[in-house]
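**Q** Following this message is one structure expressed as structure tokens.
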Amino acid sequence: MKVIYKSALFRLPLLRNYAAIVIGRWCYVKDDRASEVLIRHELIHQEQMDRHGIAMFYLIYLKDYLYHFIKLRNHDQAYQAIPFEREAFERETE
């Protein structure tokens, strides 16, 4: 996975509040550096993509987010309830 620092992607309204995102085989980071924990978190998402395929990962991720958003009516809680995110948060300090 290639890491791109100080990505302009984080100027987009939907990404402004995030520190990093994996898109395909690339990890985009908001700042000029990132903690080891953050990079590990994103690497776990890369593993998840390897397990499910890139397109299927994003479809499952979006489906789970929408399900939890409708159920909880809260973006942060819906984000934290996504199984892919829960796995990444649980494993990021390994």
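**Q** Is it the case, given these coordinates, that Val37 is among the β-branched types (Val, Ile, Thr), over 17 Å from Ala78 (Cα atoms), in contact (Cβ under 8 Å) with a residue 12 or more places away in the chain and assigned to a strand (DSSP E or B)? Spell out how you get there, then give the answer.
**A** Working: among the β-branched types (Val, Ile, Thr): yes; over 17 Å from Ala78 (Cα atoms): yes; in contact (Cβ under 8 Å) with a residue 12 or more places away in the chain: yes; assigned to a strand (DSSP E or B): no.
When the stated conditions are applied, Val37 does not pass them.
**Q** So Leu43 passes all but one of these: (1) over 10 Å from the mean Cα position of the chain (by Cα); (2) part of a helix (DSSP H, G or I). Which condition number does it fail?
**A** Only one criterion is unmet by Leu43, namely (1).
**Q** Sort out for me the helices (runs of 4 or more DSSP H) sitting completely within region 48-94 that have 2 or more residues that are under 19 Å from Ile23 (Cα atoms) and out of contact with any Phe, Trp or Tyr (no Cβ under 8 Å at 6 or more places or on another chain).
**A** 54-72, 83-91
**Q** Read through the list (1) surrounded by fewer than 18 Cβ atoms within 10 Å (Cβ to Cβ); (2) in contact with a helix residue (DSSP H, G or I) (Cβ under 9 Å, 6 or more places away or on another chain); (3) without any contact (Cβ under 8 Å) to a residue 12 or more places away in the chain, then give the number of the only condition that Glu85 fails.
**A** So the condition that Glu85 fails would be (1).
**Q** Test Met49 against the stated conditions and say whether it is among the hydrophobic types (A, V, I, L, M, F, W, C) and either at pLDDT 95 or above or within 11 Å of the chain's Cα centre (by Cα) (or both).
**A** Values: among the hydrophobic types (A, V, I, L, M, F, W, C): yes; either at pLDDT 95 or above or within 11 Å of the chain's Cα centre (by Cα) (or both): yes.
The answer is yes for Met49.
**Q** Considering only region 66-89, state which residues are over 22 Å from Gly53 (Cβ atoms) and among the acidic types (Asp, Glu).
**A** Asp76
**Q** Show the residue pairs that are 6+ apart or on different chains and have beta-carbon atoms under 6 Å apart, the first residue being within region 1-19 and touching a residue at least 12 places away in the same chain (Cβ under 8 Å), the second being surrounded by 11 or more Cβ atoms within 10 Å (Cβ to Cβ) and of a type in the set (Ser, Thr, Tyr).
**A** The qualifying pairs are Ile4/Tyr28; Ser7/Tyr28; Leu9/Tyr28.
**Q** Now for a separate question. May I ask you to list the residues in region 6-62 that are acidic (Asp, Glu) and surrounded by 18 or more Cβ atoms within 10 Å (Cβ to Cβ)? Before the answer, list the steps.
**A** Looking only at region 6-62, we keep the residues that are acidic (Asp, Glu), and these are 31-32, 36, 42, 47, 50.
Within region 6-62, just Glu42 meets the criteria.
The values are calculated or read from the model by the stated rules, or taken from the named source; none is laboratory data. Worth saying up front: this structure is predicted, and the values here are computed from it rather than measured. Ideal geometry is used to build each Cβ from the backbone, glycine not excepted, and the neighbour counts take in all protein chains shown.
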